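Here's the structure, in structure tokens; my notes come after.
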There are 2 protein chains.
Amino acid sequence: MNKINRREFNKTLVKGVGGISIASQLPFHSLRNRFDKKSLGVALVGLGSYSRGQLAPGLLETEHCHLAGIVTGTPAKAESWSKKYNIDKENIYNYENFDQIASNKNIDIVYVVLPNAMHADFCIRAAKAGKHVICEKPMAISVAECDAIIAACNKANVKLSVGYRLQSEPYTLEVKRIVREKVFGELRYVSADAGYNSRGNPDQWRLNYALSGGGALMNMGVYAIQSAIYGSGQNPTSVSAQEFSTRPEYFKDTDEAIAAQFEFPSGAVGNIFTSHNANVNRLYSAFDKGWVELNPANNYGPLSGRRSDGEIIKFPHKRQQSLQMDDFAKHILTGSLNRAPGEMGKRDMIIVEAIYESIKKNGVKIDLNLGRLGIVE
Amino acid sequence: MNKINRREFNKTLVKGVGGISIASQLPFHSLRNRFDKKSLGVALVGLGSYSRGQLAPGLLETEHCHLAGIVTGTPAKAESWSKKYNIDKENIYNYENFDQIASNKNIDIVYVVLPNAMHADFCIRAAKAGKHVICEKPMAISVAECDAIIAACNKANVKLSVGYRLQSEPYTLEVKRIVREKVFGELRYVSADAGYNSRGNPDQWRLNYALSGGGALMNMGVYAIQSAIYGSGQNPTSVSAQEFSTRPEYFKDTDEAIAAQFEFPSGAVGNIFTSHNANVNRLYSAFDKGWVELNPANNYGPLSGRRSDGEIIKFPHKRQQSLQMDDFAKHILTGSLNRAPGEMGKRDMIIVEAIYESIKKNGVKIDLNLGRLGIVE
């Protein structure tokens, strides 16, 4: 495993001495991480709002990894991020020279935060560069691309995970526990809604099929699929789906809203809804002797949960992305569980493709052959 | 309008004097109602668990109507009810001599609580007997039967309502208000789940297609349909549906579980699930600026409600059936709103038939042409 290079750290210190004091520039955690041999360097690829608002701040709160580099096509962003996070010029790349990251010992993990259609390309290039990979969700825009990413990571012998922050999130883990331990008996039904009302710039990449590979389903719908699976503890055996369109002038070539129904091996039924036209954010699992519910279930938190027996589910809030990235760093460093492996992202993309196929075929049921693909516990 | 006949009341009193004292036999309300010229006499047709557990006790708590007669095919039930509720022999009928109820001045309203397949026959006979009619939900087992009931009531110039107790229930009315007044802005999504886990006698009439006309959908599904409509304030324009079966040995000829999706004129989407294999009981309406939720949403109460702004919806509990029957009695006596007219029951049966049609056609979308049929406000 790559460890932080002491020489690099010293160089940073020296730079600091000549200018503004290091203490005022570097948050405590970031500084501590650089002393800690067990902290891995993360490079963010793509500096959009998620990197800016969640991942970079999240990397100031992690214990086992830290922000070490950036990859951006916008020189002005390189400049401002370099200042804000004290990133050396040698740890800054653009999309053309990105592959040179292979020789950069400061970078252990590459986190691909680009539009969906660019995930496969950059994840594969990162793997070829010998870096561990976090691929933001959805993993790619096709199952074939997921396979290519997994193969590239296997070939390069690097670790791969999908940006499923909720797999490390305590409310979500508590729901998983309640399902797994049958706290309320047998599960019969799981319902998950995930969506928001998109009214912004119609030219955003999420509404551009070439970049997103799909609309609500490829964005919030992936959360609903994830919720239905961890809210039931099972991979579905079939899916049927319906599409709804009321603002075609805004949603020019991506799906506005989709409902889908799952059958599970136990006989439980799943019912999901995702939308770019409705603010919904819920998970509900119904068992023989009670239910558990999260609402919100998939925003950045804090989440909120309750149970049919009146118990409130409550955990101290920690930034989900910090928990997620730390879990992946621990997986690399110690061999602990990879909570969101590539196979999980691929499984969800198989479901996404089946949902689109069902819609194309007017809602017929599509059989899924997922077996134990991915981690459902 | 028929009023309570003083002679009948006196006769009851006289009977009481000769035996056990009236005061010990008649609850206060029942006694008061008989003094009150504005209280209408109700005859229950069918003395199953709903009549026994809800309607008869409910009629002890009503102000504008009271239990005046019974219709049963079981002599032992006639005997025990007669004693328990002090019902004169002349107000007791069986299914053969039921039509003689026409000449009984004590009976103003006939409430048909028989298995679904018998609703049309007895509602039509009640109308022909000149009695106002409450038809338990679902109104019948086909739209054609609903039409026949409505026509019979119109012809006889009697009032008709469907046993939609929640249309008079305060939590439900509060959801309707929130929708109508756009407290949280535009509605985008409504979700309703209604079901229970049926594990009892497999020979019960609800699981017998000839008597029920359908399974989960014809039982709890009607609540989910109602919820989707009053939770959106609109009649749907289309529906698609899917059926799920995991215990065919138990659900021999009725549907076990069904999901259905609605399109509404405003562009909102509805998503319902009903089951005889899962305990679910929820209504959720999502608006641009918040949401409102009932859980439970359709049991006998007390219901429980909350809003996205943290406000808890709370009302004193009153028996829903008492509120429902009083509302119908007031409608007859004063011309106030009929909260659940026959057209509403017919509308819901049109939707039920469309859901079964969609399932038969592998989930294709079925257009509905409901217009303003029934009351949606």
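Of the residues that make up the range A:241-253, is at least one without any contact (Cβ under 8 Å) to a residue 12 or more places away in the chain and not in a strand (DSSP E or B)? Yes: the range A:241-253 contains one or more residues that are without any contact (Cβ under 8 Å) to a residue 12 or more places away in the chain and not in a strand (DSSP E or B). For B:Lys105, work out the one condition from (1) part of a loop (DSSP other than H, G, I, E, B); (2) closer than 27 Å to B:Tyr223 by Cβ; (3) out of contact with any Asp or Glu (no Cβ under 6 Å at 6 or more places or on another chain) it doesn't fulfil. Looking at each condition in turn, B:Lys105 falls short on (2). Annotation note: of A:Asp309, A:Asp288, the sole residue that is acidic (Asp, Glu), surrounded by fewer than 17 Cβ atoms within 10 Å (Cβ to Cβ) and within 12 Å of chain B (Cβ to nearest Cβ) is A:Asp288. A:Phe273 fulfils the conditions (1) within 30 Å of B:Gly310 (Cα to Cα); (2) at the interface with chain B (Cβ under 10 Å from one of its Cβ atoms); (3) surrounded by 17 or more Cβ atoms within 10 Å (Cβ to Cβ); (4) touching a Leu at 6+ places or on another chain (Cβ under 9 Å) except for a single criterion, (4).
When each of B:Glu186, B:Glu169, B:Glu174 is tested for being of a type in the set (Asp, Glu) and touching a Leu at 6+ places or on another chain (Cβ under 7 Å), the lone residue that passes is B:Glu169.
Which one of the conditions (1) over 21 Å from A:Gln324 (Cβ atoms); (2) in contact (Cβ under 8 Å) with a residue 60 or more places away in the chain does A:Ser51 fail to meet, given that it meets all the rest? Every condition holds for A:Ser51 apart from (1). Here A:Asn157 passes the criteria (1) within 30 Å of A:Gly305 (Cα to Cα); (2) touching a Gly at 6+ places or on another chain (Cβ under 9 Å) except the one numbered (1). Take residues that are surrounded by 15 or more Cβ atoms within 10 Å (Cβ to Cβ) and at pLDDT below 95 and tell me which of the helices (runs of 4 or more DSSP H) falling wholly in the range A:18-101 contain 2 or more. Counting at least 2 such residues, we get A:22-25, A:28-35.
Listed here are the strands (runs of 3 or more DSSP E) enclosed by the range A:270-350 that have at least 2 residues being among the aromatic types (Phe, Trp, Tyr) and in contact with a strand residue (DSSP E or B) (Cβ under 8 Å, 6 or more places away or on another chain): A:277-287.
Close contacts from the range B:363-376, counting a first residue that is closer than 17 Å to B:Ser227 by Cα and among the basic types (Lys, Arg) and a second that is at pLDDT 95 or above and buried (at least 17 other Cβ atoms within 10 Å of the Cβ), with Cβ to Cβ under 9 Å and a gap of 6+ residues or different chains, come to B:Arg372/B:Asn235.
Here's the yes/no breakdown for (1) outside the structural domain of B:Ala260 (by TED's automatic domain parsing); (2) in contact with a helix residue (DSSP H, G or I) (Cβ under 9 Å, 6 or more places away or on another chain):
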{"residue": "B:Ala129", "(1), (2)": "yes, yes"}
{"residue": "B:Cys146", "(1), (2)": "yes, yes"}
{"residue": "B:Ile149", "(1), (2)": "yes, yes"}
{"residue": "B:Glu181", "(1), (2)": "no, no"}
{"residue": "B:Gly195", "(1), (2)": "no, yes"}
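What about A:Leu187, is it hydrophobic (A, V, I, L, M, F, W, C) and either free of Cβ contacts under 8 Å to residues at least 12 places away in the same chain or assigned by TED's automatic domain parsing to the domain that holds A:Leu294 (or both)? Considered against the rule, which asks whether it is hydrophobic (A, V, I, L, M, F, W, C) and either free of Cβ contacts under 8 Å to residues at least 12 places away in the same chain or assigned by TED's automatic domain parsing to the domain that holds A:Leu294 (or both), A:Leu187 comes out as yes. For the range A:227-270, a tally of residues being more than 10 Å from chain B (Cβ to nearest Cβ) and basic (Lys, Arg) returns 1.
The values are calculated or read from the model by the stated rules, or taken from the named source; none is laboratory data. As the structure is a prediction and not an experimental result, all values here were calculated from the model. Please note: Cβ atoms are built from the backbone with ideal geometry, for glycine as well, and neighbour counts cover all protein chains shown.
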